[in-house]
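Report on one structure; see the data block that follows.
Every number in this text was worked out from the coordinates using simple rules, so none of it is lab data. All values derive from a computational prediction rather than experimental measurement. Heads up, the Cβs are rebuilt from the backbone with ideal geometry, glycines too, and the neighbour counts pull from every protein chain shown.
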Amino acid sequence: MKIKETPLKDCYIIEPTIFEDERGYFFEKFNEKKFEELTGMNGHFVQDNISKSSYGVLRGLHLQKGEHAQAKLVSCLEGKVWDVAVDLRENSPSFGKWFGIELTAENKIQMYVPRGFGHGFSVLSETAVFSYKCDNFYNKESEGSVKFNDSDLMIDWKIDEKDMVLSEKDVNAPSFREKNF
């Protein structure tokens, strides 16, 4: 397992070491001890979520606030997504910056999104199955969000806005300046 820093403080890319032969492949998807040694971050997860979406679906930008804040370890199990993390921690040197990476079933790359970040993804393939490991339990009253097409963030979602499939919640999310985080 290789861990790479992103331009965002405390946000990491995890690349597995894959062992392949005529039978298929094997890799260690996550190792809490190695993760903590290499990053200094807590890697204990308590909830796993899976979503399936079709091309053009954009989910985000979402977060959990306060005592229910969540760090996430995300990956794409089927298909291809453009995954985006936004640092919403006001005291962070990377506050207001975003980072995106293509996660696919083939590359098996994961992204660790720390607490205090907004997160979202757009589906680039016909369908995609997406996995979220969370280090805290979901709490509806602690939901936060930022508008996906916020003019201050200027996120490139890798799909044309006319092709985006959005929830009402995401369409009506507050702007970055409204600080619903």
Problem set entry | Estimated distance in nm for a label pair at Asp21 and Asn107, the labels positioned 7 Å out from Cα along Cα-to-Cβ | 2.9
For this session: Using DSSP to define loop residues, name the GluC sites (Glu not before Pro) in the range 13-72 whose beta-carbon has at most 16 other beta-carbon atoms within 10 Å.
Result: Glu22, Glu28
Exercise. In the range 20-68, which trypsin sites (Lys or Arg not before Pro) fall in coil by DSSP and have 10 or fewer other Cβ atoms within 10 Å?
Worked result: Arg23
Seminar exercise, completed: Hull volume per residue for the range 9-51, using the convex hull of the C-alpha atoms, in Å³ is 124
For this session: Pull out the extension gain between Ser92 and Thr127, defined as 0.36 nm times the separation in residues minus the alpha carbon to alpha carbon distance; nm, one decimal.
Result: 9.1 nm
Exercise. Which listed residue (Trp157, Ser167, Gly118) has the Cα farthest towards the positive end of the charge dipole for the range 44-178, taking +1 on Lys and Arg C-beta and -1 on Asp and Glu C-beta about the Cα centre?
Worked result: Gly118
Problem set entry | q = 0.08, 0.17 Å⁻¹: log10 I(q)/I(0) that the Debye formula gives for the chain, counting C-alpha atoms only | -0.24, -1.10
For this session: Please give, to one decimal in nm, the separation of the simple spin-label points placed at Ser54 and Asp160, each 7 Å out from Cα toward the Cβ.
Result: 1.8
Problem set entry | For q = 0.15 Å⁻¹, Debye-computed log10 I/I(0) when each Cα of the range 80-181 counts as one equal scatterer | -0.66
